[in-house]
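> Let me give you the structure first, and then I'll get to my questions.
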Amino acid sequence: MGEGTGMTETFGVDFLVRWLAAVAEAVDREADRLTELDSAIGDADHGANLKRGFAAVTTILAEEPPATPGAVLTAAGRQLISTVGGASGPLYGTLLRRTGKTLGDGDRVTREQLAEALGSGVAAVSQLGGAQVGDKTMLDALVPAVEGLRASFGAARAAAEEGALATVPLRARKGRASYLGERSVGHQDPGATSSALLFAALDDVARTEGAS
Amino acid sequence: MRMLINVPETVVADALRGMAAAHPELTVDVERRVVVRRDAPVAGKVALVSGGGSGHEPLHGGFVGPGMLAAACPGEVFTSPVPDQMVRAAAAVDSGAGVLFVVKNYTGDVLNFEMAAELAEDEGIQVAKVLVDDDVAVTDSLYTAGRRGTGGTLFVEKIAGAAAEEGAPLERVESIARRVNERCRSFGVALSACTTPAKGSPTFDLPPGELELGIGIHGEPGRERRPMMTSGEIADFAVDAVVEDLRPSGPVIALVNGMGATPLLELYGFNAEVQRVLGERRVPVARTLVGNYVTSLDMAGCSVTLCEVDEELLRLWDAPVETPALRWGR
């Protein structure tokens with residue numbers, strides 16, 4: 001539960017676990033759409049891969065409940081790396097693992113701390129994949145989302161969705177879509193779309209807590 | 001689309017179970033998705049480990065055996081395997097002489113193999129990596145993920161595998177693998193898109209009467225679409241693209257590869273055209289291989305790979321190999 005009315009709200013293990021469960025649900029619900037987007041400019045497996053990965057995350061968090069918010073994300077990231085494959089496994093896995101490690105071993109985290117830690121996670125993704133904002137990748141949603149999270153959960157969600165939509169006119173410069181050159185223009189990037197789902201789920205879970 | 005499957009979720013596991021039953025000379029771990037030659041680790045010899053998404057059969061599992069790969073890690077369809085598989089494979093085949101990872105240049109494969117190499121080194125296994133990027137259809141390497149690994153993979157695995165079988169040390173096997181990759185170029189053409197089991201419908205629309213030039217092996221669309229061409233016209237286009245990039249000064253080995261749904265009757269006819277173009281371009285052909293080796297599920301179409309060889313590479317190509325899909329010289 002979000003704690004501390006009147007002071008800075010903090011979030012514990014259960015909040016992070018519910019976030020990842022909400023991501024698993026969203027990915028399951030949107031799997032066909034992600035796959036559809038991926039078949040236009042990729043190889044038609046993004047939905048199925050993330051669905052498998054986040055289902056495995058839900059399982060491991062139930063079987064071996066971590067003790068801290070940081071440990072939740074670290075365990076989730078490791079699980080994604082071990083189950084997803086493709087580029088999205090190492091990239092999403094690194095995002096959560098690095099974010100978890102940056103959070104450290106505190107019992108509770110603030111929204112600002114989460115934004116800070118996600119910022120280091122996003123930097124690690126950028127370094128691993130060698131991509132920048134504007135390359136038509138998940139970073140186009142992640143980078144503005146982290147900026148938005150410094151203000152509110154709702155702002156993070158809106159920024160991520162806007163970032164994903166903004167990939168439509170871009171020409172892909174990384175990943176499999178880059179082989180299409182100009183023909184990648186006019187399609188929304190599946191990775192940016194799934195990244196937006198992460199922040200929509202985070203906002204949903206925060207709302208049920210009454211947090212903003 | 002009708003497919004000979006049970007459910008999409010078990011396609012890879014089902015195929016591995018069938019492979020295990022057909023090939024007692026391989027150890028197939030269906031659960032952990034690793035295919036290993038039964039006599040591994042082979043004392044004193046370097047071991048080649050490759051892997052990649054499923055859907056390209058016989059690549060890579062069909063190339064496991066004496067003279068080629070020591071182990072292969074199949075991922076989900078068109079999805080790179082995970083680091084755990086490669087680490088397990090490396091541990092199973094390492095004799096102490098080291099392991100060479102053969103990695104096709106796709107973002108997912110590169111990232112997962114990099115993570116695996118770090119983890120394997122933590123376990124005390126000496127690991128070298130070679131990246132295969134032979135596809136000339138990707139012209140703009142600066143603004144893309146770089147050239148893709150396609151038919152050249154077969155040459156790297158066969159020739160470096162032969163060097164490993166002869167007992168060459170890791171750095172030698174690695175340098176031969178790099179040399180082979182540098183001398184390989186490929187170009188692919190699709191006459192139809194392929195259908196992944198998970199999606200159940202073609203990955204791109206190809207109107208009747210058109211073909212797709214410069215395709216990869218994952219059902220991703222190519223760079224250019226044209227009205228249907230004859231086998232001879234396709235051979236002119238594909239061989240020219242390869243030769244202009246490779247500019248061979250000596251003999252080549254030619255691979256005329258089917259993408260999965262093109263009959264051998266058509267592939268042999270196409271090979272006749274490929275040999276004609278090579279003759280016109282005065283490129284001597286030392287060996288030719290025709291068949292479905294680096295496929296893209298049920299895609300119709302073909303690719304041409306040329307590998308320029310010197311005496312040593314040709315000798316290693318001719319060396320004995322004993323795998324489910326490639327077998328000669330014993």
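> Roughly how crowded by other chains is peptide B:196-207, in terms of the mean Cβ count from those chains within 10 Å of each of its Cβ atoms?
Details: counts 6, 1, 10, 10, 1, 3, 2, 7, 4, 0, 0, 0.
Counting Cβ atoms of other protein chains within 10 Å of each residue's Cβ and averaging gives 4.
> Let me ask something else. Using a Förster distance of 41 angstrom, determine the FRET efficiency expected from the C-beta separation of residue A:182 and residue B:119, and round it to 0.05.
Numbers: r = 39 Å, r/R0 = 0.95.
Between residue A:182 and residue B:119 the formula returns 0.60.
> What whole-number distance in Å separates the alpha-carbon centres of region B:258-330 and region A:141-212?
Measuring centre to centre over Cα atoms gives 44 Å.
> Which residues does a label at residue B:10 reach in region B:24-68, if reach means a backbone N under 17 Å from a point 7 Å past the Cα toward the Cβ?
Hits in region B:24-68 for residue B:10 at 17 Å: B:30-33.
> Set the bar at 22 Å for Cα to Cα. Now go through A:174/B:104; B:104/B:199; A:101/A:174; A:51/B:199 and name every pair that lies beyond it. Walk me through the numbers on the way to the answer.
On the way: A:174/B:104 16 Å; B:104/B:199 24 Å; A:101/A:174 27 Å; A:51/B:199 14 Å.
Violating the 22 Å limit, Cα to Cα: B:104/B:199; A:101/A:174.
> Below 8 Å, C-alpha to C-alpha, sequence gap of six or more: please give me the relative contact order for region B:146-235 in percent.
Details: 102 pairs, mean separation 18.7, N = 90.
In percent, rounded to a whole number, it is 21.
> Using the Kirkwood radius over C-alpha pairs as Rh, can you work out the diffusion coefficient of chain A via Stokes-Einstein at 37 °C, viscosity 0.692 mPa s, in µm² per second? List each step's numbers first, then the result.
Numbers: Rh = 16.8 Å.
Reported coefficient: 195 µm²/s.
> Continuing with the same structure: Got a sec? How would B:243, B:28 order by Cβ neighbour count within 10 Å, fewest to most? Can you show the working numbers first?
Values: B:243 21, B:28 25.
In increasing order of surrounding Cβ atoms, one gets B:243, B:28.
> Only counting other Cβ atoms within 10 Å, I'd like B:218, B:60, A:187 sorted with the fewest neighbours first.
Working: B:218 27, B:60 30, A:187 21.
Taking fewest neighbouring Cβ atoms as first place, the list is A:187, B:218, B:60.
> Find how many whole Å separate the alpha carbon centroid of region B:156-175 from the alpha carbon centroid of region B:96-148.
Here the two parts' Cα centres lie 16 Å apart.
> Under a plain spin-label model, where a point goes 7 Å from the Cα along Cα-to-Cβ, how far apart in nm are residue B:210 and residue B:95?
5.3 nm
> Calculate, for residue B:22 and residue A:207, the FRET efficiency according to 1/(1 + (r/R0)^6) with r their C-beta to C-beta distance and R0 41 Å; round to the nearest 0.05.
Rounded to the nearest 0.05, the efficiency is 0.15.
> Highest first, please rank the peptides B:314-320, B:18-24, B:150-156 by the mean number of other Cβ atoms sitting within 10 Å of their residues.
Details: B:314-320: 17.4, B:18-24: 13.6, B:150-156: 29.1.
Output ranking for B:314-320, B:18-24, B:150-156: B:150-156, B:314-320, B:18-24.
> Relative contact order for chain A using alpha-carbon pairs under 8 Å, separation at least 6, rounded to a whole percent? Before the final figure, lay out the partial values.
Details: 406 pairs, mean separation 43.7, N = 212.
Computed over chain A, the figure is 21 percent.
Computed from the coordinates by the stated procedures, all read-outs in this text should not be read as laboratory data. What you are looking at is a predicted structure, and each value in this text was computed from that prediction instead of being measured. FYI the Cβ positions are ideal-geometry reconstructions off the backbone, even for glycines, and counts take in every protein chain you see.
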